[in-house]
Amino acid sequence: MAEHDYDVLVIGAGPGGYVAAIRAAQLGLKTACAESRETLGGTCLNVGCIPSKALLHGSELFEEAHDGTLAKFGVQVGSVTLDLPAMMGEKSTAVTELTGGIEYLFKKNKVTWLKGRASFTGNNSVEVAGQTVTAKNIVIATGSSVTPLPGVEIDNAAGVVVDSTGAIALKQVPKRMVVIGGGVIGLELGSVWRRLGAEVVVVEFLDQLLPGMDGEIRKEAAKVFKRQGMELRLSTKVTGVAVNGASATLTLEPAAGGAAETLDADCVLVAIGRRPNTDGLALDRIGLQVNGKGQIETDHDFRTKADGVWAIGDVVPGPMLAHKAEDEGIAVAENIAGQVGIVNHAVIPSVVYTLPEFAGVGLSEEGAKEAGHEIKVGKFPMAANSRAKTNRDTTGWVKVIADATSDKVLGVWMVSSLAGTMIAQAAQAMEFGATSEDIAYTCHAHPTHSEAIKEAAMAVRGKPIHI
Ligand code: FAD
Ligand code: NAI
């Protein structure tokens with residue numbers, strides 16, 4: 001009889017956990033995955049990436065019809081009205097299809113779904129739904145949840161003070177939505193409701209939006225969102241939210257201190273970051289401690305300090321992104337199987353899926369300088385890109401940052417309607433150690449938005465053609 005019930009037991013079926021489980025099974029390991037939600041796919045598929053992108057798409061279509069963009073191209077649609085339940089219905093269909101798809105993949109790959117919350121009873125054992133299950137290797141992939149704002153109570157069902165989960169399921173378009181936090185969630189979901197008719201105010205503690213992104217991207221984002229009609233209250237903190245029935249009154253203060261003021265809203269979205277999920281895992285039983293940010297630290301191979309226990313995804317350090325979690329899922333399974341699984345954390349793209357999209361990979365200009373590089377920068381505006389011209393979506397630019405001596409590409413940042421798709425090319429080039437010359441001399445199809453990447457690379461070394 002085998003010493004353990006499973007070779008691998010993964011806790012959590014988000015993009016990190018479900019991918020780790022499938023990969024482990026593909027490599028011939030007997031695998032189970034514990035998940036406490038009713039459906040697989042974690043935050044990303046259930047209440048994160050997928051439903052938010054469905055609403056971004058739906059609201060974009062509505063705005064195109066509503067603001068005359070379609071009419072400009074000769075598509076007359078008459079009077080445009082919003083059917084919010086239908087839009088929410090499409091979102092739910094996408095979620096159901098995708099979460100069901102993971103269930104199908106589990107069956108196909110013979111991954112056992114243990115339904116329930118898992119907590120450690122030893123390095124090689126957990127308790128799930130009253131049962132003790134043992135495994136030679138246990139992977140913690142429990143993800144993250146919303147960081148609460150002290151003194152502010154979230155009530156997604158009431159729909160007045162909500163987090164992202166509440167904001168993707170509002171029953172009506174708020175008249176005024178105040179978003180606390182000018183990060184990715186605030187700007188994506190703030191955009192959804194602004195497009196659908198809400199007046200949106202974003203309150204951000206720092207003096208700029210989108211911390212962590214390149215400085216020029218952050219400046220451009222402020223310009224773009226203001227132009228689209230969002231009110232940005234930068235360098236401002238929320239010190240209190242009082243709910244009165246179907247509305248709320250926020251108290252704001254300058255971040256540096258000063259006179260308080262109040263702001264009324266019928267919906268408040270709290271989006272000030274996410275924190276790792278480790279509560280209830282009983283990490284103390286395996287002698288594991290979390291770091292100051294509540295994360296589980298691992299080595300390069302995703303091993304924790306507890307023998308036989310590994311960790312990946314939002315619960316470990318690094319950007320809280322689905323594709324980072326997925327890649328770590330593949331790598332950890334390959335390491336468990338005795339292969340060499342690696343994730344290059346220096347080349348993880350990040351994308352804000354608004355219109356235009358904001359995307360980047362590698363070092364920002366500030367980061368490259370801080371790291372001691374002498375840099376050369378090439379920039380190309382989308383206004384000079386022929387496909388952007390034909391589509392009348394010329395907002396944005398591409399910026400390629402290269403080392404001045406070696407010409408190696410250190411970072412690529414872009415603002416464009418298709419930046420989220422275009423950034424993959426930059427990530428691949430960087431993964432292959434490309435120079436800006438390599439990109440400049442790669443033939444790009446015409447007319448495509450991607451030609452702007454080639455021209456920005458040409459601009460690093462001299463002159464692009466079209467400007
Ligand atoms: P999660 O997806 O959080 O999954 C962890 C799972 O573990 C959960 O299902 C949870 O129920 C389960 N679990 C936790 N504890 C236990 C336990 N003890 N026992 C059993 N099960 C447990 N990222 C992107 O890259 N692109 C995007 O467009 C994007 N959009 C987002 C939009 C929103 C609104 C939000 C909130 C997030 C978004 N993200 C996006 C981030 C992305 O969702 C996360 O980075 C990703 O889901 C992390 O994957 P994970 O597997 O580490 O954890
Ligand atoms: P975030 O970290 O992106 O942004 C939070 C913002 O809130 C920051 O700008 C911060 O300065 C600000 N803030 C913090 N405390 C504040 C306060 N008291 N008052 C006002 N502002 C305050 O976090 P967010 O937007 O909640 O998203 C969480 C994570 O989810 C992201 O870090 C990202 O990893 C992931 N995500 C990714 C998406 C994507 O890839 N497109 C989409 C949505 C989420």
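Key figures for this structure:
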| read-out | value |
| --- | --- |
| Estimated dipole of the chain in Debye, rounded to 20 [Cβ of Lys and Arg +1, of Asp and Glu -1, Cα centre] | 620 debye |
| Average projected area [Cα convex hull, the chain], square nanometres | 24.8 nm² |
| Reciprocal of mean inverse Cα separation for region 59-182 (Kirkwood radius, Å) | 19.4 Å |
| Surface/4 estimate of mean projected area, convex hull on alpha-carbon atoms of region 1-134, nm² | 10.7 nm² |
| Selection from Gln289, Tyr353, Ala333 lying farthest towards where the dipole of region 278-357 points positive, charges on Cβ | Gln289 |
| Partnerless cysteines, meaning none of the other Cys C-beta atoms lie under 4.7 Å away, in the chain | Cys33, Cys267, Cys443 |
| Total formal charge among the other residues, if their Cβ is under 15 angstrom from that of Lys53, Lys/Arg +1 and Asp/Glu -1 | -3 |
| Cα→Cβ-extended label distance, 7 Å offset, between His57 and Ala259, nm | 4.8 nm |
| Percent RCO, i.e. relative contact order, over region 121-217, from Cα pairs under 8 Å lying at least 6 residues apart | 17 percent |
| Long-range amide H partners of Asn137 with built H, under 5 Å | Val8, Leu9 |
| Too-long pairs where the Cα-Cα distance tops 30 Å, listed order kept, from Lys136/Lys324; Lys53/Lys226; Lys53/Lys305; Lys108/Lys136; Lys226/Lys293; Lys72/Lys376 | Lys53/Lys305; Lys226/Lys293; Lys72/Lys376 |
| Local electrostatic count, Arg176, Cβ distance below 10 Å [Lys/Arg +1, Asp/Glu -1] | -3 |
| Summed side-chain charge close to Ala259 - residues other than Ala259 whose Cβ falls under 15 Å, Lys, Arg +1, Asp, Glu -1 | 0 |
| Trypsin sites (Lys or Arg not before Pro) restricted to region 327-410 and DSSP loop, no more than 15 other C-beta within 10 Å | Arg392 |
| Heavy-atom accessible surface of the chain: percent carbon and sulfur, 1.4 Å | 51 percent |
| Helix-only [θ]222 nm of the chain, DSSP H runs n ≥ 4, -39500 (n - 2.57) each, per residue, nearest 500 | -9500 deg cm²/dmol |
| Average Cα contact separation per residue, the chain, under 8 Å, 6 or more apart, as relative contact order % | 14 percent |
| Residue-normalised accessible area of the chain, expressed per residue, 1.4 Å probe, Å² | 45 Å² |
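The values are calculated or read from the model by the stated rules, or taken from the named source; none is laboratory data. Since the model is a prediction, treat every value here as computed from it, not as a measurement. In this analysis, Cβ positions are derived from the backbone assuming ideal geometry, glycine residues included, and neighbour counts consider all displayed protein chains. In case anyone asks, the SASA skips ligands and DNA or RNA and just uses the protein heavy atoms, side chains included. Shrake-Rupley method; radii C 1.70, N 1.55, O 1.52, S 1.80 Å.
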